[in-house]
Every structure is written in C-alpha cells, then in structure tokens.
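The values are calculated or read from the model by the stated rules, or taken from the named source; none is laboratory data. Computed from a predicted model, the values in this text were never measured in an experiment. Backbone-built Cβ (ideal geometry, glycine too); neighbour counts: all protein chains shown.
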Amino acid sequence: MSYKPTLPANDFTLYGETFSSRFLLGTALYASPQLMRDSIVRSRAEIVTLGLRRQNPADRSGDAIWQFIQESGCRLLPNTAGCKSVKEAVTLAEMSREIFDTDWIKLEVVGDDYNLQPDPFGLVEASGILIKKGFKVLPYCTDDLILCKRLLDVGCQVLMPWGAPIGTGQGLLNRYNLHTLRERIRDIPMIIDAGLGAPSQAAEAMEMGFDGILLNTAVAKAHNPPLMAEAFADAIDAGRKAYSAGLMQKRQTASPSTPTIGQPFWHQQ
Amino acid sequence: MINISLNNEPQTIADKILLSEALSQWGLEGTKIAVAINGEFVPRSTYGERRLEAGDLIDIVKPVGGG
C-alpha cells in the first residue's frame, strides 16, 4: 500500500484567491534570467514579486526576466521597494497597477537606509490611501503588534511582518514578537517576508503558525538557486504539516520513550 | 524648445509637445512602461492629452526583478 502525503486541506487564501503553495518568491538578484526561471519552477511558487525601475530605452537587459515571469503563469505581486515617502509609494503603486494590470501591491515604505526598516507611520497612511483607491495591499511591516493592528484597521487583509531586515539571512530575530502576533491576530493571513537565510528558518516560521513565506535573496544568492528554491518549498510544506499536526509541549525533564516496564538486567536487591 | 528631465537626465524637446509624441520620439511608444510627471502618476489613457512643459520631471519605469 502506498502512502501519499498530502498537506492539510485548509486553504491559503489571500484577498479571495486561494493558492496551493505557501511560498512567494522574489525575482531579483539571480545571476541569470534562466536561473530565476528555473528557481520559480522548483519553488512551486504561485506568486512572484517584482518591481518597477526607470527605463533606459537602449537597455533591453530586463526583457528576458519579464518574459520568463510572464511565462511562469504566476500571480504577480509588484512592490514599491525603495520608496521613502507615502507619496512615492502611492505613485509607484498606481504605476504598477497600470503596467501589471493588478490591484495587488506589496507595499514598502522604507524608514531607514541601514536596515531598510519599514516606516510604520508611512505604511499605515499609504495603506489607507491605496485601499481607498481600490488596491489590495500586502504591507511589508515589522513584527510590531500595534502597527499590525493599525494596518488591519485601515483595511489590510494580509500582513507581511519581517523575520529580519531584507537580505540579511538572519532568520527569525524576534520570536517573542512573532509568537505574540500569531497569538493576537488569529484569522488574518500572515506571511513572513524577508530576512530568512535557511530553509530551517522558514520551517520554524510555519511551525509557529504563519501562513506563508516570502523571500528572494536566500534563493537567488545560493550556489544553486533552483535547488535552494526546492529546499525552501519542502521546508515550508514540512513546517505547515507540523503546525497542522500540532507540536508536542516542551518540558524540562527527560521522559523515556521506550517502556520502562520489563526493563532487563534489573533485579530487586 | 524646452528643457525637461527624463529619468533624471536633462533633455531638450519641442515646447507643448504631447506626452504621446514625446514617447514616440524616445522609442517608447507601445512598450510596457508607466509614466509619472512631477511625482504624479499619468494614466496611459491621457498620454494624448498631456502636454509637456519646461521643467517637467518625467519618470518612465518598466518591469524589473524585485523582492
């Protein structure tokens, strides 16, 4: 009898769209467009992020990336990376909506150049403006509970708290905050976005009950990006299964797993 | 002729030229781009109405890989 493992049936639904993969992959930093394409395939991702930058008419180098992204059939999640003000982020979101023909936006408002930490005040303000304009906002935010609640107040239906600053590969830096977020915000999809460096970290986030993982650098900068993409996909699936299965409680003292009754070589003195 | 900025590069172009005509001159007509002027989004449907003026700061963007 063959056993076919399946993931728990509960859906991963973002703004009314349901996905079978909980892995969202970025499309920047790959050594070649082909490596990006192969990484998307091996990641099993159904959503990819991408951006907008100034166009030099003579430079066609980005064309292959765009062509491969389109061919992937993935849902597009354009970002407002690099925007430092509400106005910049709103304008870039409007440009993204037109060019990609989607009202989904990964909203980034950068508050500091050193760690690219999201500006919480700008993020809430820009989210409110964009939601009023009909956007479906997926905000890249910190793990601050009150910020996340304010984002929900203005109408965000998905949250994307950081694991660590973008591109650092440091993993889940503030487990207390992340646990608290999950504890206090139960029924809103939350995706850990940025800062992960290893599949084990992604698995841990999923074991904590987060709904999905978004990353880019950890795959793009691996020696073998497509293989790393698959490793993350497997880890995310494993973490989700573990969460659904229910982890055991930790305890301080050892407890034998093999029965103690019938232990040989023990004789009453 | 007027001076404008195109993606932070100085450019000289005919006074009161339509954005649609300017895009054509720059070889961008019909390509996958989006435009903002002076920090404001300019919808594609208005390219044929918008006239460029001296000092306009024009941003033209295209898709790139992103995280």
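A few notes on this one:
- Verdict on A:L196 being modelled with pLDDT of 95 or more and under 21 Å from A:C156 (Cα atoms): no
- Just one of (1) out of contact with any Asp or Glu (no Cβ under 9 Å at 6 or more places or on another chain); (2) modelled with pLDDT of 95 or more; (3) under 20 Å from A:T217 (Cβ atoms); (4) within 12 Å of chain B (Cβ to nearest Cβ) fails for A:G62. It is (2).
- Scan of the stretch B:42-67 for residues that are surrounded by fewer than 18 Cβ atoms within 10 Å (Cβ to Cβ), under 20 Å from A:K87 (Cβ atoms) and either within 12 Å of another protein chain (Cβ to nearest Cβ) or touching a residue at least 40 places away in the same chain (Cβ under 8 Å) (or both), ordered by number: B:P43, B:T46, B:G55, B:L57
- Candidate set from the stretch B:25-41 (those that are small (G, A, S) and surrounded by 12 or more Cβ atoms within 10 Å (Cβ to Cβ)); member that is nearest to the other protein chains (Cβ to nearest Cβ): B:A34
- One residue from A:D187, A:D237 being modelled with pLDDT under 95 and among the charged types (D, E, K, R): A:D187
- Candidates are the residues of the stretch A:44-69 that are more than 22 Å from A:V137 (Cα to Cα) and small (G, A, S); the one that is surrounded by the fewest Cβ atoms within 10 Å (Cβ to Cβ) is A:A58.
- Pairs are defined by a Cβ separation below 8 Å, a sequence spacing of at least 6 or placement on different chains, a first member in the stretch A:244-269 that is closer than 26 Å to A:G209 by Cβ, and a second member that is surrounded by 10 or more Cβ atoms within 10 Å (Cβ to Cβ); the pairs so defined are A:S244/A:L7; A:S244/A:P8; A:L247/A:E207.
- Filtered residue count, the stretch A:167-211, keeping only those that are at negative phi and crowded, with 19+ Cβ neighbours inside 10 Å: 20
- Residue match in the stretch A:119-135 (condition: under 17 Å from the mean Cα position of the chain (by Cα), surrounded by 17 or more Cβ atoms within 10 Å (Cβ to Cβ) and in contact (Cβ under 8 Å) with a residue 40 or more places away in the chain): no
- Per-region count, the stretch A:144-159, residues part of a helix (DSSP H, G or I), β-branched (V, I, T) and touching a Ser or Thr at 6+ places or on another chain (Cβ under 9 Å): 0
- Flag if A:L159 is touching a helix residue (DSSP H, G or I) at 6+ places or on another chain (Cβ under 6 Å), under 19 Å from A:V124 (Cα atoms) and modelled with pLDDT of 95 or more: yes
- Residue match in the stretch B:10-18 (condition: touching a Phe, Trp or Tyr at 6+ places or on another chain (Cβ under 8 Å) and more than 14 Å from chain A (Cβ to nearest Cβ)): yes
- Members of the stretch A:78-90 found to be facing chain B (nearest Cβ under 9 Å) and buried (at least 21 other Cβ atoms within 10 Å of the Cβ), listed by number: A:P78, A:N79, A:A81, A:V90
- Scan of the stretch A:13-58 for residues that are more than 7 Å from every other protein chain (Cβ to nearest Cβ) and among the basic types (K, R), ordered by number: A:R22, A:R37, A:R42, A:R44
- Within the option set A:A164, A:A222, A:A233, being crowded, with 17+ Cβ neighbours inside 10 Å, out of contact with any Cys (no Cβ under 6 Å at 6 or more places or on another chain) and free of Cβ contacts under 8 Å to residues at least 12 places away in the same chain holds for one residue only, A:A222.
- For A:S72, the test of being loosely packed, with under 15 Cβ neighbours inside 10 Å, more than 9 Å from chain B (Cβ to nearest Cβ) and either within 28 Å of B:Q11 (Cβ to Cβ) or modelled with pLDDT of 95 or more (or both) is failed.
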